[in-house]
Amino acid sequence: MNRIALGILLGLLFGVIDVLLMIPISFPTANDKRIAMTGAFFDRFAIGVLIGASIFPFAPWLQGIIVSVLVSLPSAIIARNYVPILSISVIGGAILGYLIGLWGV
């Protein structure tokens with residue numbers, strides 16, 4: 001499958017998974033929760049697209065980690081919640097990078 005199309009597909013999946021992980025988290029208001037979930041979805045979607053669109057001279061899983069940390073670090077700084085945001089980002093980025101490297105053409 002085309003790397004960019006695969007990145008879009010896996011980015012959508014990663015975004016949905018991240019939103020599902022956020023359901024039990026409490027926020028001050030329902031609007032705050034909706035905004036945070038929307039931002040998280042697009043953050044994870046962008047990770048998939050950018051991993052699919054980029055080619056680095058590294059192992060694909062490492063490429064995924066690099067892209068995911070670069071995309072998620074601003075959100076982690078703004079939210080002041082580094083460990084959950086960056087850990088999910090690193091794990092998901094490594095998996096997406098591996099899968100795109102494995103199945104991408």
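For the reader, a short list of remarks on this structure follows.
- Unique match (being among the hydroxyl-bearing types (S, T, Y) and surrounded by 15 or more Cβ atoms within 10 Å (Cβ to Cβ)) among S87, S54, S26: S54
- Failed condition for I65, given (1) surrounded by 13 or more Cβ atoms within 10 Å (Cβ to Cβ); (2) β-branched (V, I, T); (3) over 10 Å from the mean Cα position of the chain (by Cα): (3)
- Counting the residues of the stretch 5-37 that are more than 14 Å from A79 (Cβ to Cβ) and either among the basic types (K, R) or in a helix (DSSP H, G or I) (or both) gives 19.
- Some residue of the stretch 41-49 being charged (D, E, K, R), farther than 14 Å from G15 by Cβ and either in a helix (DSSP H, G or I) or in contact with a Gly (Cβ under 9 Å, 6 or more places away or on another chain) (or both): no
- Scope the stretch 68-80; condition of a type outside the set (A, V, I, L, M) and surrounded by 13 or more Cβ atoms within 10 Å (Cβ to Cβ); matching residues: S68, S72, S75
- Annotation for the stretch 22-38: no member residue is modelled with pLDDT of 95 or more and within 13 Å of G92 (Cα to Cα).
- Flag for I78 being over 16 Å from I17 (Cα atoms), without any contact (Cβ under 8 Å) to a residue 60 or more places away in the chain and of a type outside the set (S, T, N, Q): yes
The values are calculated or read from the model by the stated rules, or taken from the named source; none is laboratory data. Everything numeric here is computed off the predicted structure, so don't read it as measured data. Every residue, glycine among them, receives a Cβ derived from its backbone with ideal geometry; neighbour counts consider all protein chains shown.
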